[in-house]
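The values are calculated or read from the model by the stated rules, or taken from the named source; none is laboratory data. Keep in mind that this is a model prediction, so the values were computed, not measured. Cβ placement follows ideal geometry from the backbone for every residue including glycine, while neighbour counts extend to all protein chains displayed. Remember, those area values only see protein heavy atoms, side chains included, never the ligands or the DNA or RNA. Shrake-Rupley method; radii C 1.70, N 1.55, O 1.52, S 1.80 Å.
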Amino acid sequence: MTKKIIIDEENCIGCGTCQALCPEVFELDQGKLKAKIKENANIEENQECINEAIASCPMNAIKET
């Protein structure tokens, strides 16, 4: 089963912490100033930095299902 990363846009403040920690997976949507998942991001291959981004998000806006 493939894991899925969800960013809660209501809580995301676009600080860029997730992008700084895991640029292979996260990027900032400049139009909305919110984080988003890159289109072809490899979740399994980048699990370690995803976990770090989840733990470091100041707004707890990143979830994994």
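For the chain, what percent of Cα pairs sit more than 14 Å apart?
Every Cα pair in the chain considered, those over 14 Å come to 49 percent.
In deg cm²/dmol and to the nearest 500, what is the mean residue ellipticity at 222 nm of the chain if only DSSP H runs of at least 4 residues count, each as -39500 (n - 2.57), divided by the residue total?
Result for the chain: -6000 deg cm²/dmol, rounded to the nearest 500.
Report the net charge of residues surrounding Lys3, where surrounding means a beta-carbon distance below 10 angstrom and charges are Lys +1, Arg +1, Asp -1, Glu -1.
Once all neighbours under 10 Å are counted, the net charge is -1.
Give me the percent of accessible area attributable to carbon and sulfur for the stretch 1-59, probe 1.4 angstrom.
Percent of accessible area from carbon and sulfur atoms in the stretch 1-59: 47.
Quick one: helix 47-56 against the long Cα principal axis of the chain, what's the angle to the nearest 10°, folded into 0 to 90?
That works out to roughly 30 degrees.
Using the heavy atoms of the protein chains and a 1.4 angstrom probe, tell me the accessible area per residue for the chain in square angstrom.
66 Å²
Using 0.36 nm per residue of separation minus the Cα-Cα distance, give me the extension gain between Glu48 and Asp29 in nm, one decimal.
4.6 nm
To the nearest 20 debye, what charge dipole does the chain have about its Cα centre, counting +1 at the Cβ of each Lys and Arg and -1 at the Cβ of each Asp and Glu?
With Lys and Arg at +1 and Asp and Glu at -1, about 180 debye.
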